[in-house]
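The next block holds one structure in the form of structure tokens; read it before the comments.
Just so it is clear, none of the values below were taken in a lab; they were calculated from the coordinates. Here the structure is a predicted model, which means the values were calculated and not measured. When we count neighbours, we look across all protein chains shown, and the Cβ atoms used for this are built from the backbone with ideal geometry, even at glycine.
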Amino acid sequence: MLRLILRDLRLVLRQGSDATAALMFFVLCVVLFPFGVGPEPNILTRIAPGVLLIAALLAALLSMERLFQGDFEDGSLELLLLSPLPAEGVAIAKVAAHWLVTGVPLLIVAPLLALLLRMPADQLGLLVGTLALATPLLSLIGAVGAALTLGARRSGVLLPLLVLPLYIPVLIFAAAGLDAGLSGLSPRPHLLLLGGMLCGALVLAPLAIAAALRAAHE
Amino acid sequence: MHRFANPARFLKIANAVLPWAAGLSAVCFAAGLYLGLFASPPDYQQGDTVRIMYIHVPAAWMSMFTYSTMAVAAAAALVWKHPLAEVYAKAAAPLGAGFTALCLLTGSLWGAPMWGTWWVWDARLTSVLVLFFLYLGYMALVDAFDDPARGNKAGNILLLVGAVNVPIIKFSVEWWNTLHQPASVFRLGGPTIAASMLWPLLLMAAAFQSYFFAVVILRIRAGLAARRVQTLRLGQAN
């Protein structure tokens, strides 16, 4: 399983374009907002959590379509499913690789962007913590959609239609946590709920992904 | 349940049920609409707008009922490869989406005079909106594959994933402070609404339910016929 993660990471590092594209998308998406809503500091501070979260969500979605597609087309996914590693293991490894490639760079860049959006500096730790809980969730839920739409017609349109409604709860609690932090309340209950969702998804999503991958190969 | 796996046997029973369900639906709709729109008293606070509830509440119940049964059918299809379960889920999906849309629409119409707004982002409304998107996503996913069996399987997995949402809808009014009022019919200690309003509500619920059965039987029949046409065509092509 570790070897599968390393293989995926190596593939991404050698190609490079996929991961950086998602990151650039995240950066540009956030940078657009001050132009769209005007550069007043108060407004920017108020909308910063939402903007960062939605941009992270869209960036995760953008890279999601390629998660299984390449392996599906060249047949290596079929070999992975035939290997002694259970399909759930393959699913976890692919999701972990996706998160390491797209989620972790977001965590590093997000504080810088938050400063551009005039978020107070003492909230940056909370921001990184929230994103650290939210981005793996986005990867897990998105992977279910990516596995379900493997081989579908118009899968590029279909994937957001399936996945975005399921992203709503993540967005709600992550944004609630950040807003609580900004207004001086404790973000703890929201982050606990987010952590609970992550634990649940960590157990259930691989099952669904594995079932969808097996269905794609019948 | 496995006794009904044979489409011929299922169709025999379904055809016998169909006229009864359709008739019951027509009678209940007539009685329920008369009671709801004319014979029941206006609410002391809401006035005549309370009558929207006789559509809104049954539609909401049916949207949940349809999704739950579709999820159970999806599980049956995945576990036992039950041949009718997939046909059922596919047949029920547009109905469920319709009920959910009706529920959101009537709720919005009621909310405008009562809450002073067409829409609020509280937990109940949001989770029902997610339910609506789940129906749409399921229908789009099932149709997106060249091989219908693959589409059905993907759709079944999505239905099971989305089933997480059902308890959230049900308990959203208790877990969070919502503008939407908590349950007043199915609650511990009996319903809290007056009998003169409960009766038309229950009649309308029966009408929606039997309407659902009648239409779903028609759609299952059409689905089975379509499948048969396809196999016959394939047989001819060989």
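The magnitude of the dipole of chain B, with charges of +1 and -1 set on the Cβ of Lys/Arg and Asp/Glu and taken from the Cα centre, is near 960 debye. Taking N as the residue count of segment A:7-116, its C-alpha radius of gyration divided by 2.2 N^0.38 Å amounts to 1.30.
Report the Stokes-Einstein translational diffusion coefficient (µm² s⁻¹, integer) for segment B:1-122, Rh taken as the Kirkwood radius over Cα pairs, at 4 °C with viscosity 1.567 mPa s. Don't skip to the answer; put the middle values down first.
Working: Rh = 17.0 Å.
Stokes-Einstein gives a translational diffusion coefficient of 76 µm²/s.
When every Cα-Cα distance of segment A:2-216 is counted in 10 angstrom steps from zero, the calculated P(r) takes the values 8, 34, 34, 17, 5, 0 percent.
Considering the protein assembly as shown at the alpha-carbon level, its Rg and Dmax are found to be 24.7, 74 Å.
3J(HN,Hα) along segment B:204-211: 5, 4, 4, 5, 4, 4, 6, 4 Hz, from the Karplus curve 6.51 cos²θ - 1.76 cosθ + 1.60 with θ = phi - 60°, whole Hz, x for Gly and Pro.
Grab the beta carbon distance between B:THR231 and A:VAL104, set R0 = 51 Å, and tell me the FRET efficiency rounded to 0.05.
Numbers: r = 51 Å, r/R0 = 0.99.
It comes out at approximately 0.50.
With q set to 0.07, 0.08, 0.11, 0.14 Å⁻¹, the log10 of I(q)/I(0) for segment B:35-237, from the Debye formula over equal scatterers at the Cα positions, is -0.25, -0.33, -0.58, -0.87.
Given a Förster distance of 35 angstrom, what is the FRET efficiency for A:ARG154 paired with B:TRP115, based on the Cβ-Cβ distance and rounded to 0.05?
Numbers: r = 38 Å, r/R0 = 1.10.
Taking R0 as 35 Å, the efficiency between A:ARG154 and B:TRP115 is 0.35.
Candidate cross-link partners of B:LYS153 among the lysines, defined by an alpha-carbon separation under 26 Å and a same-chain spacing of 8 or more, comprise A:LYS94, B:LYS81, B:LYS90.
Which of the helices in chain A meet the span-like rule: DSSP H, Cα axial reach of 24 Å or more, Kyte-Doolittle mean at least 0.0?
Values: long enough: A:17-37 (30 Å, 2.01); A:41-64 (34 Å, 1.75); A:124-148 (35 Å, 2.03); A:155-182 (38 Å, 1.94); A:188-216 (40 Å, 1.56).
Long hydrophobic helices here: A:17-37, A:41-64, A:124-148, A:155-182, A:188-216.
Give me the net charge of B:SER127's neighbourhood, meaning all other residues with Cβ under 14 Å from the Cβ of B:SER127; Lys, Arg count +1, Asp, Glu -1.
0
The H on the amide N of B:HIS82, modeled in the peptide plane, is under 5 Å from the matching H of B:ALA77, each at least 5 residues off or on a different chain. Measure nothing fancy, just the Cα-based angle from helix B:83-114's long axis to the longest principal axis of chain B, in degrees from 0 to 90, nearest 10. On a 0 to 90 degree scale, this one is about 20. For A:ALA215, neighbours were defined as the other residues whose beta-carbon sits under 9 Å from its Cβ, and their charges (Lys and Arg +1, Asp and Glu -1) total +2.
Mind sorting A:THR135, B:THR231, B:THR106, B:THR66 by how few other Cβ atoms lie within 10 Å of their own Cβ, fewest first?
Values: A:THR135 27, B:THR231 9, B:THR106 18, B:THR66 24.
Lowest count first: B:THR231, B:THR106, B:THR66, A:THR135.
The label-point distance for A:VAL203 and A:LEU2, in a model that sets each label 7 Å from Cα toward Cβ, rounds to 2.6 nm.
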